Amino acid sequence: MEMEMSMDMRRCMEDCRSCMAMCMEAMMQCMKMGMMDMKKMSMLMDCMEMCQMCANMMMRMSPMGGKMCMMCAEMCSACAMMCEGMSDNPMMMRCAEMCRRCAESCSMTAKMMMAA
């Protein structure tokens, strides 16, 4: 049985793209301000790449899409926790919020995709 792309999946893809953009923006701002160490930069880059791959796999209705969504949810949650550790930076707090939203969306989509 072939699964059709639901509105929830479309929303998840948009959340992934938004999260990817927010992580890039946050990383660039922190680099300009000289407050980005290699570990934090790697976390943001990993999150960006995971979100991009997740959106791409959903777009092509990959049979591995559900598993990728679960991994993306985990990555976004970890990135959100890292961003929250920089609570004095409003950009990092916005990034944390976007990462949390993407994690929730990916988690819900993963369950739906794996149940299909």
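Rule-based calculations on the coordinates, nothing more; no lab input. All values derive from a computational prediction rather than experimental measurement. Neighbour counts are summed over all protein chains in view; Cβ atoms, including those assigned to glycine, are modelled from backbone coordinates with ideal geometry.
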- Message: Taking 8 Å as the Cα distance limit and 6 or more residues as the minimum spacing, I'd like the relative contact order of the chain as a percentage.
- Response: 33 percent
- Task: Return the single residue from MET28, MET13, MET57 with maximal mean-square fluctuation; model: Gaussian network over the chain, springs between Cα atoms under 10 Å.
- Result: MET28
- Item | Straight-distance crosslink candidates among lysines, where the alpha carbon sits under 27 Å from LYS40 and sequence neighbours closer than 8 are dropped | LYS32, LYS67
- Query: If you take the alpha carbon radius of gyration of the chain and divide it by 2.2 N^0.38 Å, what ratio comes out, to two decimals?
  - Reply: 1.06
- Rounded to the nearest 10, the angle in degrees between the Cα long axis of helix 65-84 and the longest principal axis of the Cα atoms of the chain comes to 20 degrees
- For helix 38-59, report the angle its Cα long axis makes with the longest principal axis of the Cα atoms of the chain; keep it between 0 and 90° and round to the nearest 10°. 20 degrees
- Item | FRET efficiency, ALA116 to ARG94 (Cβ-Cβ, R0 35 Å, nearest 0.05) | 0.60
- Cβ-based exposure ranking for CYS95, CYS47, in which fewest neighbours within 10 Å come first: CYS95, CYS47
- Item | Sparse-neighbour loop sites [trypsin sites (Lys or Arg not before Pro); the stretch 1-65; at most 14 other C-beta within 10 Å; DSSP] | ARG60
- With only helices counted (DSSP H, runs n ≥ 4, each -39500 (n - 2.57)), the per-residue ellipticity at 222 nm for the chain, to the nearest 500, works out to -29000 deg cm²/dmol
- Looking at the stretch 1-107, which GluC sites (Glu not before Pro) are in a loop (DSSP not H, G, I, E or B) and have at most 14 other Cβ atoms within 10 Å? GLU2, GLU4
- Task: Please give the helix 7-33 orientation as an angle from the longest Cα principal axis of the chain, in degrees from 0 to 90, rounded to the nearest 10.
- Result: 20 degrees
- Task: Report the paramagnetic label zone for SER6: residues of the stretch 89-116 whose backbone N is under 16 Å from a point 7 Å from Cα along the Cα-to-Cβ axis.
- Result: 104-116
- Item | Inter-site label distance for MET81 and MET59 at 7 Å from Cα along Cβ, in nm | 3.1 nm
